[in-house]
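*Asks:* One structure is given below, represented as structure tokens, and several questions about it will come after.
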Amino acid sequence: MKNLIFLLFLTTIFCSCSSDNEVSIQNSNSLDFTEVMSFQVDTLDMDITSDLSTNSLFITSSNDDIWPEKVLKYNLSTLTQSDFIHDDGTESRQIEIIGSFIYSFSYNHTVKYDLDLSNIVDLNHHSGLSYSKATKYNNDILILSGEKCYDCLEMPIKLFNSNNETFSELTVFPNGIRMHADGIVNNDILYMFGGTDNIANYNEINIYNIIDDVWTQEILPYQVYESFTSLYNNSILVAGNKESNNSNAFIGVYDITTNSYNELSTSLNLDNITIRGITILNDEVFVAYADLVSPLPNLITIKVIKASLL
């Protein structure tokens with residue numbers, strides 16, 4: 001009887017200690033993915049986001065030869081796809097949704113269209129940052145981790161005001177430049193993961209307190225060439241590729257409350273794919289990826305898969 005009480009006591013201690021380290025994603029042990037849809041592109045430059053009001057995924061990609069933007073909408077309720085193409089003479093776009101409008105950003109163009117992929121408007125303003133990432137900040141959008149000019153030694157963080165649809169400079173990143181480093185804003189704090197300066201890839205989590213105008217750092221367990229992020233409760237799902245040839249994929253979670261990062265196990269063979277984007281909708285994480293072969297074919301098949309976070 002004494003042995004039984006002792007075992008129950010140990011079990012209680014173990015359970016209470018373990019719960020302190022749990023992330024806010026309930027299904028944190030493994031992500032079991034199933035395929036949602038697929039499409040073809042001829043470059044790996046793309047971005048994916050989602051919209052709750054239409055229960056849809058939105059994906060932007062660019063054509064390699066004449067650089068038109070192709071925007072794809074996939075309705076998860078009806079399992080139907082629609083798209084449109086417009087010629088804007090640029091590659092490497094980022095999209096974010098504010099209200100009932102989609103904003104699409106590149107180095108030299110900013111365009112706006114509605115959730116039905118119509119009524120496109122060229123806003124005649126641009127961020128001036130190439131290979132950048134975008135993330136929402138309240139009802140505005142931050143343009144970050146991009147290169148202002150060739151061999152520039154500093155990187156501004158731009159703020160796009162959705163009310164007057166103009167850009168301003170929010171701050172300057174204090175440690176040179178970072179390209180391909182995605183970020184998330186939570187409670188007026190920006191978290192940026194990894195990135196490259198074209199010489200080295202970095203294992204940093206660069207954290208910017210927007211109100212106090214202060215930068216700090218945490219450390220990732222490995223260097224990251226490009227990252228993709230999405231916010232879920234008090235956690236940031238971080239996916240991407242560790243190498244500059246878009247290989248060595250990873251999926252992890254950063255707990256904002258504890259400043260801790262853990263890599264997630266998945267049903268994917270991360271050694272043989274390149275991740276191209278991530279978004280969260282209705283307690284499910286959606287990941288866009290391509291099979292990694294060398295050389296890449298002229299038309300690359302992008303697969304979009306999903307896994308439950310509950």
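*Asks:* How would you rank Ile141, Ile97, going from fewest to most other Cβ atoms within 10 Å of each one's own Cβ?
*Replies:* Ile97, Ile141
*Asks:* For the chain, what is the charge dipole size about the Cα centre, in debye to the nearest 20, if Lys and Arg each add +1 at the Cβ and Asp and Glu each add -1 at the Cβ?
*Replies:* My answer is approximately 660 debye.
*Asks:* Let me ask something else about it. Kirkwood Rh, Cα Rg: Rg to Rh for the stretch 136-236?
*Replies:* 0.95
*Asks:* Okay, next question. Please order Glu284, Glu169, Glu226 by the number of other Cβ within 10 Å, starting at the fewest.
*Replies:* Final ranking by Cβ density, sparse to dense: Glu169, Glu284, Glu226.
*Asks:* Here is a follow-up. What is the fewest-to-most order of His109, His180 by other Cβ atoms lying within 10 Å of their Cβ?
*Replies:* His109, His180
*Asks:* Near Lys303, which aspartates and glutamates are there with a Cα under 12 Å away, not counting those fewer than 8 places off in the same chain?
*Replies:* Partners found: Glu35, Asp291.
*Asks:* Using only Cα atoms and rounding to the nearest 10 degrees, what angle (0 to 90) does helix 2-19 make with the longest principal axis of the chain?
*Replies:* Tilt relative to the chain: about 20 degrees.
*Asks:* Here is a follow-up. Running Debye on the chain with equal point scatterers at the Cα sites and no solvent, what base-10 log of I(q)/I(0) appears at q = 0.08, 0.12 Å⁻¹?
*Replies:* Computed log10 I(q)/I(0) values: -0.36, -0.78.
*Asks:* Take the cross-link list Lys70/Lys306; Lys133/Lys242; Lys158/Lys306 and give me the ones stretching past 24 Å between alpha-carbons.
*Replies:* Lys158/Lys306
Values quoted throughout were computed directly from the atomic coordinates according to the rules given, and no laboratory measurement underlies them. All figures in this text were calculated on a predicted structure; none of them were measured in a lab. Note: ideal-geometry Cβ built from the backbone for every residue, glycine included; neighbour counts use all protein chains shown.
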